[in-house]
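Visitor: Can you read through this structure? Questions will come right after.
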Amino acid sequence: MSATMPTFTSAAGRTRKVPRILILGGGYVGLYTAMQIRKRLGRREAAIVMVDPRPYMTYQPFLPEAAAGSLEPRHVVAPHRRLLRGSTLLSGSVAALDHANRRATINPTEGEPYDISYDQVVVALGAVARVLPIPGLAENGIGFKQIEEAIALRNRVLNKLDVAASTWDPEARKRMLTFTFVGGGFAGIEAIAEVEDMVRQAVKDFDSIRMQDVRFVLIEGAHRILPELGEELGGYALEQLRRRGIEIKINTFLNSAVDNHIVCSDGDEFDSDTLVWTAGVKANPVLTSSDLPLDEAGRVRALPTLQVADVDGTVVEGAWTAGDNAAVPDLSTGEPGKFCAPTAQHAVRQSRHLGDNIVRYLTGEPLEEYSHKNIGTVASLGLYKGVAQIFGIKFRGPVAWFMHRTYHMWAMPTVNRKARIVLDWTMALVFSRETVALGSLQTPREAFQAAAASSGKRPQAGK
């Protein structure tokens, strides 16, 4: 295949026989695209360079189970270096993209920014949390898009149980045992359901805390939860969560969270030490520092071939995109103006298609358009509980929960990761999950610093 490869000229004027493919972002799209290219092209046929501040891809559908202790956090991430042997991995973030000159500016984790040239670029920067300018939210809230946030949430919730069991102040205790989630989509519903399941088990080890003392509140601005599953299944999920004592406020907005005092648009006010924000995402804002065409939502405009294109459909040569940061037409609906939803299902399938199309482009083969009909949606509501709609058929309870786990397990890359996840689940069926807070993970040097401070004090005479 390499004999048919054309030569490429870098931005500095040097000629390269091997095209350099720069992949911005190491999430679903970045990782799966790179893996797909490397399956078909060796390092003598294509040079792959990936830029990401993290050395791994986080499989976000498993974050709720990682937060609840059903899965080991290390098993829901896929290490880049192990999966992308023969590729160059740069630890850093993208500061700017000058595609006209085929050059990207990189901010490394340490050191001064530098530029890197390329022949083809894949924009896979994904989405970030859409944080609204609500007073107190930025200071007191925590997101739920990265494995670090899932671990922090788990430690925080379990730590609050420990501290609340040791205080006699009823108001402080009530504040510590109130957990607030904002957003009724998949992330919010699965997170609150899994964490509530964990807390329900954890309180069995406390003599001074009962489940009636714990308050879970979910705030959703729309008139229903899980809109992707429709009225019937969304209503079923709502009913099941409320039966477990979870308060769900629909048609309600968070107005303020200053000093951990939650103020809702329905007039309800209460104190809560834990505030989890899952109310939507937006395209990575660094895209505004590029010369690529963006739509009104800040996403990169794309054709069904996953090539970047202007508003009039003119292809921007050498630029490709997919996933949450891309406006990809959804050909499966047959309706013009419809775009693929920002789901893991689309991201994984688009990235594999994107990798194949880049290989087709480099070898002179015709490109193919991406079209994938959604096979369905699945959501977990905690251990043995779930809802699903597969090929139009609706499922509830343990069957839906099993479908949720099975689908996402198969979507996880490598047999190694799949096996570890299945083993975690198997162990959880035999033994109860660990409900120990490792709160010091967030401040690992605190004990050492305290010891150092005490060592600096000279003992008084006679003591």
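Visitor: Looking at the range 424-453 only, could you name the residues that are in a helix (DSSP H, G or I) and closer than 25 Å to residue 186 by Cα?
Guide: Answer for the range 424-453, where residues must be in a helix (DSSP H, G or I) and closer than 25 Å to residue 186 by Cα: 424, 425, 426, 428, 429.
Visitor: Need the failing condition index for residue 149 against (1) under 25 Å from residue 79 (Cβ atoms); (2) outside any helix (DSSP H, G or I); (3) open to solvent by 40 Å² or more (accessible area, probe 1.4 Å), just the number.
Guide: (2)
Visitor: Search the range 163-185 for residues being touching a Ser or Thr at 6+ places or on another chain (Cβ under 8 Å) and open to solvent by 40 Å² or more (accessible area, probe 1.4 Å), and hand back the single one that is nearest to residue 230 (Cα to Cα).
Guide: Looking at the filtered set, the residue picked out is 175.
Visitor: Can you pull out the residues in the range 295-337 that are under 19 Å from residue 127 (Cα atoms) and surrounded by fewer than 17 Cβ atoms within 10 Å (Cβ to Cβ)?
Guide: Residues satisfying the conditions are 295, 296, 297, 298.
Visitor: I would also like to ask the following. Determine which single condition residue 35 fails, assuming it passes every other condition in (1) over 26 Å from residue 192 (Cβ atoms); (2) hydrophobic (A, V, I, L, M, F, W, C); (3) open to solvent by less than 10 Å² (accessible area, probe 1.4 Å).
Guide: That leaves (3) as the condition not met.
Visitor: Determine if the range 5-24 includes at least one residue that is of a type outside the set (A, V, I, L, M, F, W, C), over 21 Å from residue 318 (Cβ atoms) and modelled with pLDDT under 95.
Guide: The answer is no; no qualifying residue exists.
Visitor: Taking residue 90 and the conditions (1) of a type in the set (A, V, I, L, M, F, W, C); (2) open to solvent by 30 Å² or more (accessible area, probe 1.4 Å); (3) over 30 Å from residue 316 (Cβ atoms), which numbered condition does it fall short on, given that it satisfies the others?
Guide: (3)
Visitor: Shifting gears a bit: Please report, ordered by residue number, the strands (runs of 3 or more DSSP E) entirely within the range 36-126 with at least 3 residues that are of a type in the set (Ser, Thr, Tyr).
Guide: 88-98
Visitor: Output the residues belonging to the range 309-353 that are touching a residue at least 24 places away in the same chain (Cβ under 8 Å), under 20 Å from residue 410 (Cα atoms) and part of a helix (DSSP H, G or I).
Guide: 323, 344, 345, 346, 347, 348, 350, 351, 352, 353
Visitor: Now for a different question. Taking residue 104 as meeting all but one of (1) over 23 Å from residue 187 (Cα atoms); (2) surrounded by fewer than 21 Cβ atoms within 10 Å (Cβ to Cβ); (3) of a type outside the set (D, E, K, R); (4) at pLDDT 95 or above, write down the number of the exception.
Guide: (2)
Visitor: Give the residue, chosen from 267, 245, that is at pLDDT 95 or above, open to solvent by 30 Å² or more (accessible area, probe 1.4 Å) and out of contact with any strand residue (DSSP E or B) (no Cβ under 9 Å at 6 or more places or on another chain).
Guide: 267
Visitor: For residue 282, only one of the following conditions fails: (1) at pLDDT below 95; (2) buried (at least 19 other Cβ atoms within 10 Å of the Cβ). What is its number?
Guide: The one condition residue 282 does not meet is (2).
Visitor: Being free of Cβ contacts under 8 Å to residues at least 40 places away in the same chain and not acidic (Asp, Glu) is the filter; apply it to the range 92-133 and report the residue that is farthest from residue 27 (Cα to Cα).
Guide: First, pick out the residues of the range 92-133 that are free of Cβ contacts under 8 Å to residues at least 40 places away in the same chain: 105, 107-108, 110-115, 133.
Filter again for not acidic (Asp, Glu), leaving 105, 107-108, 111, 113-114, 133.
Working: 105: 19, 107: 18, 108: 18, 111: 24, 113: 22, 114: 22, 133: 27 Å.
The extreme case among them is 133.
The values are calculated or read from the model by the stated rules, or taken from the named source; none is laboratory data. Just so it is clear, the model here is predicted, and its values are computed rather than measured. Quick reminder, even Gly has a Cβ in these numbers, built from the backbone with ideal geometry, and neighbours come from all protein chains shown. Areas reflect the complete protein model, heavy atoms only, side chains present, ligands, DNA and RNA absent. Shrake-Rupley method; radii C 1.70, N 1.55, O 1.52, S 1.80 Å.
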